[in-house]
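Visitor: Encoded as structure tokens, here's the structure I'll be asking about.
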Amino acid sequence: MIPPHSLEAEMSILGSIFLENNCIKKVSGALDTLDLYRESHRKIYRAMLDLHRQKSPIDLVSMAEQLKADGALEEIGGAAYLAVLVDYTPTSANVAHYCRIVKEKSVARQVATFAAELADKVYGENPSEVLSVAKARLQEIAGGLDGMNGVSASDLLSFDHRQDQYRHFVENIDRERFKTSFPLLDSYIRGVAPGEVLTLAAYSGTFKTAFLQNILLRGAEATGLYHLFFSLEMPAPKVFERELQIQGGATGRDVEYHYRGHRDSASVQAGVDRAGSHGLIVCDKPRLSVEKIARYTEIALQKYGKLGAVGIDYLGLMQAPGKTLFEKVAHISAEIKNMAKELRVPVILLSQINRAAATAGGEIEMHSAKGGGDVEAGADFMLGFWRDKADTLICKVMKNRNGAAGMNLEVEIERETLQFIGMKPYKPETQRQSRTQRIPF
Ligand SMILES: Nc1ncnc2c1ncn2[C@@H]1O[C@H](COP(=O)(O)OP(=O)(O)OP(=O)(O)O)[C@@H](O)[C@H]1O
């Protein structure tokens, strides 16, 4: 059976935006991209949103250019189809009405999909849990329809409603939240939920890229979910080499020699077997904007289903509008947070530290992140990597949405293989020495 949809209403909305660019504010307040049924319409709408964000006019010429740059012009039917949309729509006056039709169809599709999922659940799970999940999810779907008017009775949450939501939230914690797989660190931050951002700020050369790779690989292995890694800095072959090192306990040279056929290595083979059996997806395109990262993430969600987390290496290499570093960082931080919320994915973002902090050295602080307070404002969790005088690598919990902050953890790492072994409470060198001296023998 064909899922409910109205292509006519979708065409009229897109046509209305062409006729009256300002309509996009009304449309974007009422509809998400995924509310549109036809994939080509979603692509056109996304391109319109991109132009709107860039404050460019939304007309046939700029849209054709934007879609061409996205590699989507042919897929949507070329410039000719854009002209069809304009001809199809006599006036933009009824755009709110068309939005309501499209939203209603989208809600109907969501209910149908959820009903099918629910039918599967009732065979395996506890009925009261199934009902509680069903209630919360249906309320959420209904909220989308009510939200068309901007306000909705379901936004006023009673105690029972809040309790249902919390129960649903807690029941799904393990399935939904991204864990770093370091028990001590996870016990402090209790996982990064979909919609949340964990930012790691670190001195250069403190293994921050390696840390991100380690936790994404561990996450993919532990959950069976695909994890997405945007490597703006390192090309994919280098990411691959390190992946085999981390998974097999090999050195970079072992991996290279193995693939050049000079020398077979059991640890490299172990890395191949381990890494090949679970899903890390890598995108190594340079200079990506948040909008492009969001679009790749949507494609990944469609292709691979739910994602365990999205990792980005690193903020300073992303493209953003703005004249100053601060404007760019403010834009990226805010938009990354929006992306995490809209696409319901946990995001792990790497960031460098500013020059003053880098020169001063020593224990890292929240304001050490490059680009100032906006990095911290966009993050639900913030970690920092620094080294003490004895060259111990330390992970500091600088901001924690789920509890206390300020703790320092000693990171145990196998430097040759880039494997993160574990984290334990950090004892500064002075304390370690004084303790040793007290031991009588
Ligand atoms: N394949 C490799 N095997 C082992 N060590 C490596 C390998 N590649 C790089 N290194 C070393 O590991 C250290 C950490 O590298 P990594 O890229 O994880 O750190 P980073 O904090 O992201 O660095 P940067 O800020 O320079 O990008 C570097 O000092 C580097 O010398």
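The values are calculated or read from the model by the stated rules, or taken from the named source; none is laboratory data. All values reported here derive from a predicted model rather than from experimental measurement. Every residue, glycine among them, receives a Cβ derived from its backbone with ideal geometry; neighbour counts consider all protein chains shown.
Visitor: How many of the residues making up segment 158-168 are surrounded by 12 or more Cβ atoms within 10 Å (Cβ to Cβ) and modelled with pLDDT of 75 or more?
Guide: 2
Visitor: Ok, one more. Is it the case that some residue within segment 244-257 is touching a His at 6+ places or on another chain (Cβ under 7 Å), of a type in the set (Asp, Glu) and surrounded by fewer than 22 Cβ atoms within 10 Å (Cβ to Cβ)?
Guide: No.
Visitor: Of the numbered conditions (1) surrounded by 22 or more Cβ atoms within 10 Å (Cβ to Cβ); (2) within 16 Å of the ligand (Cβ to nearest atom); (3) closer than 21 Å to Gln247 by Cβ, Phe178 fails exactly one; give the number of that condition.
Guide: (2)
Visitor: For segment 43-58, state whether one or more residues are aromatic (Phe, Trp, Tyr), assigned by TED's automatic domain parsing to the domain that holds Ile13, surrounded by 14 or more Cβ atoms within 10 Å (Cβ to Cβ) and within 27 Å of the chain's Cα centre (by Cα).
Guide: yes
Visitor: If you take the residues of segment 218-268 that are of a type in the set (Asp, Glu) and without any contact (Cβ under 8 Å) to a residue 24 or more places away in the chain, which of them is nearest to the ligand (Cβ to nearest atom)?
Guide: Per the stated criteria, the residue is Glu241.
Visitor: Considering segment 305-358 alone, what residues qualify as being among the hydroxyl-bearing types (Ser, Thr, Tyr) and either modelled with pLDDT under 90 or over 23 Å from Thr180 (Cβ atoms) (or both)?
Guide: Thr324
Visitor: For segment 247-266, indicate whether the set of residues that are under 30 Å from Arg344 (Cα atoms) and at pLDDT 95 or above is non-empty.
Guide: yes
Visitor: Further question: Taking His278 and the conditions (1) within 16 Å of the ligand (Cβ to nearest atom); (2) farther than 19 Å from Ile421 by Cα, which numbered condition does it fall short on, given that it satisfies the others?
Guide: (1)
Visitor: Yes or no: Asp264 in a helix (DSSP H, G or I), assigned by TED's automatic domain parsing to the domain that holds Arg177 and not aliphatic (A, V, I, L, M)?
Guide: no
Visitor: Just the residues that are within 16 Å of the ligand (Cβ to nearest atom) and either exposed (fewer than 15 other Cβ atoms within 10 Å of the Cβ) or closer than 20 Å to Pro428 by Cα (or both), please, taken from segment 400-417.
Guide: Within segment 400-417, Val411, Glu412, Ile413, Glu414, Arg415, Glu416 qualify.
Visitor: Scan segment 195-215 residue by residue and report those that are within 6 Å of the ligand (Cβ to nearest atom) and not small (Gly, Ala, Ser).
Guide: The answer is Thr206, Phe207, Lys208, Thr209.
Visitor: I would also like to ask the following. Quick test of your reading of the structure: Asp391 fulfils all but one of (1) free of Cβ contacts under 8 Å to residues at least 12 places away in the same chain; (2) part of a strand (DSSP E or B). Name the failing condition by number.
Guide: Single failed check for Asp391: (2).
Visitor: Would you say Ser12 is within 27 Å of the chain's Cα centre (by Cα), under 30 Å from Ile141 (Cα atoms) and outside any loop (DSSP other than H, G, I, E, B)?
Guide: So Ser12 fails the test.
Visitor: If I go through segment 291-341 residue by residue, how many of them are at negative phi, free of Cβ contacts under 8 Å to residues at least 40 places away in the same chain and either β-branched (Val, Ile, Thr) or in a loop (DSSP other than H, G, I, E, B) (or both)?
Guide: 4
Visitor: Can you confirm whether Val102 is within 30 Å of Arg137 (Cβ to Cβ) and touching a Cys at 6+ places or on another chain (Cβ under 9 Å)?
Guide: no
Visitor: Let me ask something else about it. Checking Arg190 against (1) modelled with pLDDT of 95 or more; (2) charged (D, E, K, R); (3) within 30 Å of Phe169 (Cβ to Cβ); (4) over 17 Å from the mean Cα position of the chain (by Cα), only one condition comes out false. Which one?
Guide: (1) is the only condition that Arg190 fails.
Visitor: Can you tell me which residues in segment 123-141 are exposed (fewer than 12 other Cβ atoms within 10 Å of the Cβ) and in a helix (DSSP H, G or I)?
Guide: Within segment 123-141, Tyr123, Gly124, Pro127, Ser128 qualify.
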